[in-house]
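The next block holds one structure in the form of structure tokens; read it before the comments.
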Amino acid sequence: MKQPSTYDKYLFFTVLLTVIFGLLMITSAAAMYATLRFDDQYFFLKRQLIYGVLPGFFALFFLAKIDYHIWKRWSVVGFIGSLIALGLVFIPGIGSSAYGATSWLNLGFITFQPSEMAKLAIIVYLAAWLSSKDQKQVGNVLEGLFPFVVILSFIGFFIYKQPDVGTLGVIIAISFIMFFSAGAQLSHIFAMAGLGSILFFILIRMASYRWDRFMTFLNPGDDLQGKGYQIHQALIALGSGSFLGVGLGQSRQKFNYLPEPVGDSIFAIIGEELGFIGTMFTLSLFIFLVIRGLSIAKNAPDEFGRLLAIGITSWIGIQAIFNISAIIGIMPLTGIPLPFISYGGTSLAFSLAAIGILLNISSQTIKIKYFRVQRIYMIYTLI
């Protein structure tokens, strides 16, 4: 009997296609800006390859070969390590600021965002912690709800202090999905969602720039040259693309009109250059990724693998939803990158690393199915 593939090839090649598509769009969106500022139209492409693609795919292939069960033993160490890294950004000389947030660690030989590492760390830790409990314990206030809130509070405090409310929202959404999938009571989920909404509103109201973004979301037509400038330019880009787009490399909004064309606004450039067809292609990639991830979760060999797959899949899906929703104006701007497509080495590298773990889960699922089939075949031959 021929042994099947050792990993989910559909997932791998979809991720590979998404990354290649992202590199193409970064090259197109950054050509003018990179030429004017760095005298090299491929500046952002080169950096994305060096700091994102190369380490990311190395991590993907490496982690795809490692039994994912090992991460359960190291989940506490990883979680504490991510908290330490998040705390180090506030130390002068080590932490560095960008766009008003202290979110970067500069270690001399490498600069990265520990919040990206924290996303993967919290997913692994929650998967390990929740899988060690039965459904009754998860649904209990003292054994499930209270410790869950404490865990989120630790990581939430450090990310809020940066401040990076967008990333905090992604982490909370991922955590809620994992908690619910492990057997949490709906009443607990709704109670936390209600309290969380109130808390988020307070956090938004406490910072003027976050409040401005929220008010711009409610009144997108106000102050088009000021607070509403980015979303206004993004909608112009999307509208200009129509059905087929203005053509790859032909965007007008990237010429100093649309802020962050290679970052969190890259979906608007996709819509302008490739039109409705391009945006639907992008959405299809993420929908297929989520479907494959949930399929892996459904067929995972154990509860830890199931929750780990759900967490990683939720990470990709929620982040894509946040980014695209903000660009089309149905939620406030958050500064969240589009997975595998937006410029950003740290985000791409850790996202690919997470896919490596997901591929390992899929390989073990396939092997288990194979041995079950082989056992049935052996029994049949004996009969």
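The values are calculated or read from the model by the stated rules, or taken from the named source; none is laboratory data. Nothing here was measured: the structure is a model prediction, and the numbers come from that model. Virtual Cβ from ideal backbone geometry, glycine too; neighbours counted across all protein chains shown.
The single condition among (1) closer than 16 Å to Ser181 by Cβ; (2) of a type in the set (S, T, N, Q); (3) over 23 Å from the mean Cα position of the chain (by Cα) that Ser131 does not meet is (3).
Screening Glu260 on (1) surrounded by 14 or more Cβ atoms within 10 Å (Cβ to Cβ); (2) farther than 18 Å from Tyr343 by Cα; (3) within 24 Å of the chain's Cα centre (by Cα) shows it passes everything except condition (2).
Of all the residues in region 68-81, those that are in contact (Cβ under 8 Å) with a residue 24 or more places away in the chain, over 20 Å from Phe154 (Cα atoms) and either surrounded by fewer than 13 Cβ atoms within 10 Å (Cβ to Cβ) or not hydrophobic (A, V, I, L, M, F, W, C) (or both) number 2.
Only one of the listed residues (Ile310, Ile336) is in contact (Cβ under 8 Å) with a residue 60 or more places away in the chain, assigned to a loop (DSSP other than H, G, I, E, B) and within 29 Å of Ser362 (Cα to Cα). That residue is Ile336. May I ask you to list the residues in region 30-67 that are surrounded by fewer than 14 Cβ atoms within 10 Å (Cβ to Cβ), farther than 20 Å from Leu17 by Cβ and of a type in the set (A, V, I, L, M, F, W, C)? Selection gives Leu36, Ile50, Phe62, Ile66. Figure legend. Inter-residue proximity from region 152-164: first residues at pLDDT below 90 and outside any helix (DSSP H, G or I), second residues crowded, with 18+ Cβ neighbours inside 10 Å and hydroxyl-bearing (Ser, Thr, Tyr), beta-carbon distance below 8 Å, spacing 6+ or different chains. Indicated pairs: Gln162/Ser103; Gln162/Ser115; Asp164/Ser103; Asp164/Ser115. None of Gly169, Gly194 is under 27 Å from Ile316 (Cβ atoms) and touching a residue at least 24 places away in the same chain (Cβ under 8 Å) except Gly169. Confirm whether Gly305 is at positive phi and part of a helix (DSSP H, G or I). So Gly305 does not fit the description; no. The set of residues in region 181-202 being crowded, with 16+ Cβ neighbours inside 10 Å and assigned to a helix (DSSP H, G or I) consists of Ser181, His188, Met192, Gly196, Phe200. Among the residues of region 193-216, those identified as farther than 23 Å from Gly228 by Cα and either among the basic types (Lys, Arg) or under 22 Å from the mean Cα position of the chain (by Cα) (or both) are Ala193, Gly196, Ser197. Among the residues of region 126-143, those identified as out of contact with any Phe, Trp or Tyr (no Cβ under 8 Å at 6 or more places or on another chain), part of a helix (DSSP H, G or I) and at pLDDT below 90 are Gln135, Lys136, Gln137, Val141, Leu142, Glu143. In region 213-252, of all residues being modelled with pLDDT of 70 or more and of a type in the set (Ser, Thr, Tyr), the one that is surrounded by the most Cβ atoms within 10 Å (Cβ to Cβ) corresponds to Ser251.
I'd like to check something: does region 301-311 contain any residue that is buried (at least 22 other Cβ atoms within 10 Å of the Cβ) and within 12 Å of the chain's Cα centre (by Cα)? Within region 301-311, one or more residues are buried (at least 22 other Cβ atoms within 10 Å of the Cβ) and within 12 Å of the chain's Cα centre (by Cα). The set of residues from region 313-333 being of a type in the set (S, T, N, Q) and in contact (Cβ under 8 Å) with a residue 12 or more places away in the chain comprises Thr313, Ser314, Gln319, Asn323. Looking across region 119-158, the residues that are of a type in the set (D, E, K, R) and surrounded by fewer than 18 Cβ atoms within 10 Å (Cβ to Cβ) come down to Lys133, Asp134, Lys136, Glu143.
Taking the conditions exactly as written (hydrophobic (A, V, I, L, M, F, W, C), farther than 26 Å from Leu358 by Cα and at pLDDT 90 or above), does Phe146 satisfy them or not?
It is true that Phe146 is hydrophobic (A, V, I, L, M, F, W, C), farther than 26 Å from Leu358 by Cα and at pLDDT 90 or above.
Among the residues in region 267-279, are any surrounded by fewer than 17 Cβ atoms within 10 Å (Cβ to Cβ) and not polar (S, T, N, Q)?
yes
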